[in-house]
Structures are given as C-alpha cells and as structure tokens.
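The values are calculated or read from the model by the stated rules, or taken from the named source; none is laboratory data. Remember, predicted model here, so these are calculated numbers, not experimental data. Neighbour counts are summed over all protein chains in view; Cβ atoms, including those assigned to glycine, are modelled from backbone coordinates with ideal geometry.
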Amino acid sequence: MIQKHLICPQRLRRIPDRFSWVDHRLVRDRHIESCSHAAAALYLFLITVADQQGLSYYSDPSVMTRLCMDGSTLEAARQNLIRIGLIAYDSPLYQVLSLEPFASADQAPRIARNMEPLDQPVHIGQIFRRIMGESS
C-alpha cells in the first residue's frame, strides 16, 4: 500500500466556502489560461479524485485510460500543471495545491520554481549545481 504524505505542506488545499469544489480563483485569477487542454483535463481529474488534503495516487496507465491520453501527453500535461504551480508530483503521488498567492518566490514549491521551459536546453553545469544545492 502506498504511504501518502504531503509534498508541499505549506500549500495544503482547503475546499473554498463557495458552492463549488472547483475554486473560482482558477478562472478569476487566470490560472486556467496557462493550461493546455490536456493539463486542464488532468487538473479536473485530480481535483475530482483527490482526498481532502488534495492527495491522490492514480497510476499513469490508469490516468491515461480515464483521460484517453498517451504517455507523452500525460507527461506534458503534468509538467504544465507543475510549472504553473497548480500541482506537486512525487511519483506516484499527486498533490493539488492551494490557489493562494505566494507571499514570495521562496514559498513557491521547489519542484515548480526549478522547472525549465520544456523547449529550452539546460546546461549540464546547471543540473549539477542544482543537485549539489547551489544556486544557478
């Protein structure tokens, strides 16, 4: 059995007081505009299946079957959501994150802050500096 743990405890998801499980700030604060169609579908799936802490651990094959996605589409959707700060992911565990604005960049999830654009090359030195905990 998979042991669940919060990936990003400072962004624990709380169900909004409004009538909907989908936080209206997703649209109002324009997060949805940064999502591809596949990322929006994955986000909807995750907020639907997540527990009260925003955690779920559906396997990639299960998600791909339910959303009619192939592996590369799922990976791109997941990276899209991580990059814009809507989810954290520590395979196989997903955490849907709070939509609270960050007080500073230091509070942003490490996994989202350090993401490089997927279409940009990264120098191998940058990778090693990150592994060693140095700033780039």
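Consider the range 51-82. How many of its residues are touching a residue at least 40 places away in the same chain (Cβ under 8 Å), in a helix (DSSP H, G or I) and either within 19 Å of D23 (Cα to Cα) or among the charged types (D, E, K, R) (or both)?
Qualifying residue count, the range 51-82: 2.
Take the range 54-63 and flag every residue that is touching a helix residue (DSSP H, G or I) at 6+ places or on another chain (Cβ under 9 Å) and surrounded by 16 or more Cβ atoms within 10 Å (Cβ to Cβ).
G54, S56, Y58, V63
Give me the pairs, please: first residue somewhere in the range 1-17 and farther than 13 Å from V96 by Cβ, second residue anywhere and modelled with pLDDT of 85 or more and part of a loop (DSSP other than H, G, I, E, B), beta-carbon distance under 6 Å, and either six or more positions apart or on two chains.
Qualifying pairs under 6 Å: I2/Y57.
Out of the residues in the range 9-50 that are outside any helix (DSSP H, G or I) and among the β-branched types (V, I, T), state the one that is modelled with the lowest pLDDT.
First, the residues of the range 9-50 that are outside any helix (DSSP H, G or I): 12-24, 29-30, 35-36, 50.
From what is left, the residues that are among the β-branched types (V, I, T) are 15, 22.
On the way: I15: 68, V22: 79.
Per the stated criteria, the residue is I15.
Sort out which residues of the range 39-50 are without any contact (Cβ under 8 Å) to a residue 24 or more places away in the chain and touching a Leu at 6+ places or on another chain (Cβ under 7 Å), and write them in order of number.
F45
Restricting the search to the range 83-93, which residues are more than 26 Å from H24 (Cβ to Cβ) and touching a residue at least 40 places away in the same chain (Cβ under 8 Å)? Walk me through it before giving the result.
First, pick out the residues of the range 83-93 that are more than 26 Å from H24 (Cβ to Cβ): 90-93.
Scanning the range 83-93 gives D90, P92, L93.
Go through (1) crowded, with 19+ Cβ neighbours inside 10 Å; (2) in a helix (DSSP H, G or I); (3) not acidic (D, E) for Y94 and report which single condition fails.
(2)
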